[in-house]
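The structure under discussion appears below in the form of structure tokens.
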There are 2 protein chains.
Amino acid sequence: MSGSVRERLLACLETASKADRTIANFMLSQLSSVPFETAASLATKVEVSEPTVGRFCRSIGYKSFKDLKEHLKQDIGDKPWLVSDRLRDLRDRAKAGEDHLAAGLELEISALVAIYELARTEEWARLVKRLATTPNVYATGFQTERGMAQILVNQLQYLRDGVRLLDLAGGNFAELLASDASQSCLVIFEARRYSRLARELAIEAKEAGIPVTLVTDPFCDWGRGLADEVFVVPTEFNQFWESTAQMASLANLLVNGVFLELGPKVEARMETITRLYSRFNGYVGEPAIRTPKSENETT
Amino acid sequence: MSGSVRERLLACLETASKADRTIANFMLSQLSSVPFETAASLATKVEVSEPTVGRFCRSIGYKSFKDLKEHLKQDIGDKPWLVSDRLRDLRDRAKAGEDHLAAGLELEISALVAIYELARTEEWARLVKRLATTPNVYATGFQTERGMAQILVNQLQYLRDGVRLLDLAGGNFAELLASDASQSCLVIFEARRYSRLARELAIEAKEAGIPVTLVTDPFCDWGRGLADEVFVVPTEFNQFWESTAQMASLANLLVNGVFLELGPKVEARMETITRLYSRFNGYVGEPAIRTPKSENETT
DNA sequence: ACATGTTTGTAAGAAATATTACATATGGTC
DNA sequence: GACCATATGTAATATTTCTTACAAACATGT
């Protein structure tokens with residue numbers, strides 16, 4: 001037995017016994033409130049006994065009602081996909097326990113969904129506009145999130161001038177903090193157990209009246225109140241090593257938004273930059289960035 | 001105390017204690033998966049004790065955590081919140097042409113699937129092993145791919161020594177190219193606006209006998225033959241601005257693989273690095289080793 | 001009607017989840 | 001620095017939720 005919860009429920013409608021069919025049917029019609037149910041509450045509603053619910057769940061391949069709920073949590077659904085077969089294949093492996101990695105896939109997908117939802121919010125629109133119009137845009141991230149900031153910066157630089165990666169190379173953040181607040185904004189990438197720097201930077205920036213956006217994981221608890229916008233990116237994928245990879249998608253969507261905001265006028269710049277790159281054989285010549293060789297070296 | 005769950009959570013952020021704020025914050029960030037949580041599971045995630053969760057719920061006017069969930073059920077109403085429903089919702093909008101962004105979602109998902117498929121190949125296993133065992137690991141990327149290389153490097157450095165971001169700051173790549181080939185390997189991130197650098201670096205590295213891995217998009221045509229492994233990441237998402245965001249997922253999966261390969265012995269190192277970070281940056285959250293003169297909160 | 005296998009319910013027990021009482025820690029105040 | 005009030009954790013306890021064992025009901029074929 002395999003497939004999403006919904007699929008399994010549908011499948012069993014054919015063959016199942018009366019009580020089982022009732023249960024399956026009820027769950028299908030109430031799928032989104034199933035997580036709030038308990039085996040007993042559901043049993044009452046459809047007027048069967050509690051063990052019947054448990055047995056039913058087991059009969060369609062779950063360990064228990066609770067297990068079914070657990071799967072529901074991550075279920076991506078049964079819609080035909082562009083990639084359906086391949087995805088299904090991976091998912092089946094994951095469920096069969098053959099492939100521990102694939103288990104993370106669904107979580108990554110749901111994180112992506114979350115990102116795309118973020119991109120529809122008020123805050124998002126506000127940030128995009130700010131990134132498009134503020135003369136000086138700074139992005140920063142420490143430790144493993146540094147690369148994310150770099151991605152945002154590198155891409156934004158294609159579209160506009162005045163974008164910089166902020167770091168502590170100079171010992172303080174004067175570059176941003178001593179600048180004209182009305183001309184600057186800051187995006188911080190942050191994730192759990194990381195630096196105090198991010199927080200203190202946010203505090204100072206707020207103090208200085210500089211708009212701050214925080215992109216972080218669900219565990220960060222200092223953002224609200226300090227940052228003008230907080231975008232929470234799911235990061236738990238049940239891997240041994242947790243991932244903030246979806247922040248890259250977020251950064252990209254932001255850039256896309258800025259592109260749309262700026263409109264055709266960016267094309268001249270993009271062509272110039274492209275030409276410059278090719279002129280220098282792709283030499284990394286971002287004007288505004290100090291290429292920070294120093295702090296990546298362990299040597 | 002009244003209002004929706006969301007409102008109450010927001011309201012209490014102002015006044016609540018540290019632990020309570022952490023809980024409220026986490027719930028707000030993950031509202032749609034709260035129904036699947038249990039007081040204990042939530043307590044673990046935010047690292048407080050179970051009774052604290054219960055007390056918190058009571059403090060904002062619910063009878064218990066379960067009671068909060070019950071109310072959440074009402075609040076959520078008919079808003080879609082199972083991942084599958086949310087996904088469906090986005091897809092529908094995309095189809096209706098209301099939401100141009102969402103159109104890219106599906107493509108991003110399929111790119112993710114492609115990544116996870118890559119992670120099952122021979123070549124992948126080989127690369128993981130190499131990244132785990134080669135004394136000197138270099139990663140590089142130019143222009144917009146620089147951040148990807150940085151992500152890989154920053155994360156790998158948590159697990160092992162001898163990982164470096166390679167760049168042209170010094171004017172040549174002697175650091176790698178003049179090193180002992182049997183002790184080094186190279187990962188190149190590359191995409192559409194190819195810099196000639198990447199290719200020439202690959203040529204030289206191959207010449208020198210250094211194993212080369214190329215992570216690139218489907219349009220790159222110079223990889224095979226030059227690189228020992230070529231991983232092709234889909235990059236066309238029908239946005240105005242194309243994305244290599246999934247390379248971050250790839251990098252992360254690689255790191256995860258290396259973690260598994262190295263096994264428990266990395267933990268000592270991870271702790272050391274964590275401690276070092278906390279030594280120099282300070283911690284916001286988890287109390288690592290308390291250095292003589294350290295207290296973290298400035299609140 | 002009877003035997004057989006399947007389905008379902010009952011009730012007891014096992015596991016999980018949540019609460020309570022109390023001890024310890026923390027932060028602020030004098 | 002000692003005190004208080006508040007916040008948090010620990011461990012025992014209560015409660016809810018789930019499972020198991022078994023018996024009753026039901027359908028089906030003879």
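Counting the residues of region B:22-52 that are out of contact with any Lys or Arg (no Cβ under 9 Å at 6 or more places or on another chain), of a type outside the set (A, V, I, L, M) and in a helix (DSSP H, G or I) gives 8.
The residue pairs whose first member lies in region A:41-62 and is of a type in the set (A, V, I, L, M, F, W, C), whose second member is assigned to a loop (DSSP other than H, G, I, E, B) and more than 8 Å from DNA strand C (Cβ to nearest atom), and whose beta carbons are closer than 7 Å, counting only pairs six or more residues apart or on different chains, are A:CYS57/A:SER64; A:ILE60/A:MET1. In region A:5-21, of all residues being assigned to a helix (DSSP H, G or I), exposed (fewer than 14 other Cβ atoms within 10 Å of the Cβ) and free of Cβ contacts under 8 Å to residues at least 12 places away in the same chain, the one that is farthest from DNA strand C (Cβ to nearest atom) corresponds to A:GLU14.
Being charged (D, E, K, R), more than 11 Å from DNA strand D (Cβ to nearest atom) and away from chain A (no Cβ under 11 Å) holds for only one residue in B:GLU37, B:GLU14, B:GLU7, B:GLU50, and it is B:GLU7. The C-beta contact set for region B:94-114 (first residue more than 20 Å from A:LEU254 (Cβ to Cβ), second residue buried (at least 21 other Cβ atoms within 10 Å of the Cβ), distance under 6 angstrom, 6+ apart or interchain) comprises B:VAL113/A:LEU87.
The set of residues in region B:212-259 being without any contact (Cβ under 8 Å) to a residue 40 or more places away in the chain, under 21 Å from B:LEU166 (Cβ atoms) and under 17 Å from the mean Cα position of the chain (by Cα) is empty. Can you find even one residue in region B:72-88 that is small (Gly, Ala, Ser), within 11 Å of DNA strand D (Cβ to nearest atom) and open to solvent by less than 40 Å² (accessible area, probe 1.4 Å)? Taking every residue of region B:72-88 in turn, none turns out to be small (Gly, Ala, Ser), within 11 Å of DNA strand D (Cβ to nearest atom) and open to solvent by less than 40 Å² (accessible area, probe 1.4 Å). Looking only at residues of region B:23-71 that are polar (S, T, N, Q) and within 13 Å of DNA strand C (Cβ to nearest atom), we find that the one that is surrounded by the fewest Cβ atoms within 10 Å (Cβ to Cβ) is B:SER41. Is it true that some residue in region A:206-215 is in contact with a Gly (Cβ under 6 Å, 6 or more places away or on another chain), at pLDDT 85 or above and under 21 Å from B:TYR277 (Cβ atoms)? The answer is yes; a qualifying residue exists.
The values are calculated or read from the model by the stated rules, or taken from the named source; none is laboratory data. Predicted model only: the values in this text are computed from it and were never measured. In this analysis, Cβ positions are derived from the backbone assuming ideal geometry, glycine residues included, and neighbour counts consider all displayed protein chains. The protein model used for the area step is the full one, side chains on, heavy atoms only, and it has no ligands, DNA or RNA in it. Shrake-Rupley method; radii C 1.70, N 1.55, O 1.52, S 1.80 Å.
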